[in-house]
1. Within region 267-291, take every residue that is surrounded by fewer than 19 Cβ atoms within 10 Å (Cβ to Cβ) and either farther than 30 Å from residue 14 by Cα or within 16 Å of the ligand (Cβ to nearest atom) (or both) and give me the one that is modelled with the highest pLDDT.
2. For region 288-397, which strands (runs of 3 or more DSSP E) that fit wholly inside it have 2 or more residues that are within 19 Å of the chain's Cα centre (by Cα) and at negative phi?
3. Mind counting the residues in region 185-219 that are in contact (Cβ under 8 Å) with a residue 60 or more places away in the chain and closer than 20 Å to residue 121 by Cβ?
4. Quick one: how many residues across region 1-20 are under 25 Å from the mean Cα position of the chain (by Cα) and more than 12 Å from residue 394 (Cα to Cα)?
5. Got a sec? Which of 128, 107, 124, 94 is in the same structural domain as residue 175 (by TED's automatic domain parsing) and surrounded by fewer than 19 Cβ atoms within 10 Å (Cβ to Cβ)?
6. I'd like to verify a number: residues in region 228-266 that are over 20 Å from residue 121 (Cα atoms) and without any contact (Cβ under 8 Å) to a residue 12 or more places away in the chain, how many?
7. Those residues that are on the phi > 0 side of the Ramachandran plot and more than 15 Å from the chain's Cα centre (by Cα), I need them from region 49-104; list them, please.
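The values are calculated or read from the model by the stated rules, or taken from the named source; none is laboratory data. These numbers come from a predicted model, not from an experiment. Every residue, glycine among them, receives a Cβ derived from its backbone with ideal geometry; neighbour counts consider all protein chains shown.
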Ligand code: LLP
């Protein structure tokens, strides 16, 4: 257990969170390197014996030290911007193990990706195919590409994070795929290397994931029949994590076994691009209670973290467990609270209707905040972004300093 109570204090590995709060302040993201490595190993173990590459989806948590840890374990990367490419390279990741996805790649991003030698660009439209071909020819190269094909499968997840339906902005339509591959095969600037899909995030059941993999594999088979042989099949990410006791997902091994079943007999390299399932349960957001505010209809714990630090509850109505850092402080005075931040929005909550006993100054941990936490944070209300700390055993290292108000003002011109 990477986050467990020891002598009544919640710890990240061997590091007590109250000590980390004292050292680094709050709000603060704390990640466990052992938990990240264990999650990555679960993927490697499930794929052992298969020609496969795990491309960690950088968007979930792009801290350089997290990326460096994963690069050291042999991970490839799935990126969606030139910024993420720069992060991967700065962290010691390899361009030749990096996939570049996303619907809106700019000319500059495409050129940089080709110059750095990324393994593959995942194309999401015919217009993008034309743009990539033109840029590659201008640079005197052939761009390695795959199409992200929309398998039209309902991932049965939150509509904001469901991406594989026909009406989604992502991917090319399944019905157009063969024509696009044939067209791309004739372009001098294009080298076809693979095919991919991604149906959505926080999937809890393997069936739709495997079904999508099956559809993509069938397409690869048809393309091979037309003489278009691909090196890889990318089955996407989206494997869910446990946030609470409701709807506990199947483990990654179950997802991969189901997908591998659909790919039996296929020789292409298998690529999977998990984000959340690598880092989600490996991080917490540490926050301090500022005020206890009893109310007629609802009572509030006003804490020093807010929707600008962790947007998921406000944006998706996502549920994160909230635990007291000191178990002993959970006396008989527990009550039901909404845990809210200082931001001036009614949507600024981290949790609602939780039974907690809390006094001002007490520390709380918002659990499972390692994915889509810090990366989605903002400076709304001119709030400096939180610090990030990476724990390994008893050792804790500040891996991103807390922003300062001065640094927030620095990009603006002094008023005249
Ligand atoms: N591959 C592609 C092409 C993707 O679009 C995504 C995520 C992933 C892989 C990684 O998915 P994961 O394994 O992390 O589920 N902000 C939302 C999640 C957005 C996911 C976007 N795409 C949230 O906080 O729930």
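1. 269
2. Details: elements: 300-303, 322-324, 335-340, 349-356, 363-366, 387-392.
Once the strands (runs of 3 or more DSSP E) in region 288-397 are filtered for at least 2 residues that are within 19 Å of the chain's Cα centre (by Cα) and at negative phi, what remains is 387-392.
3. 7
4. 4
5. On the way: 128 fails: surrounded by fewer than 19 Cβ atoms within 10 Å (Cβ to Cβ); 124 fails: surrounded by fewer than 19 Cβ atoms within 10 Å (Cβ to Cβ); 94 fails: in the same structural domain as residue 175 (by TED's automatic domain parsing).
Result of the check over 128, 107, 124, 94: 107.
6. So the count comes out to 3.
7. Matches in region 49-104: 49, 74, 92.
Every residue, every condition in (1) modelled with pLDDT of 80 or more; (2) surrounded by 21 or more Cβ atoms within 10 Å (Cβ to Cβ); (3) away from the ligand (no atom under 14 Å from the Cβ), yes or no:
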| residue | (1), (2), (3) |
| --- | --- |
| 132 | yes, yes, yes |
| 137 | yes, no, yes |
| 140 | yes, no, yes |
| 143 | yes, yes, yes |
| 146 | yes, yes, no |
| 149 | yes, yes, no |
| 152 | yes, no, yes |
| 164 | no, yes, no |
| 169 | no, no, no |
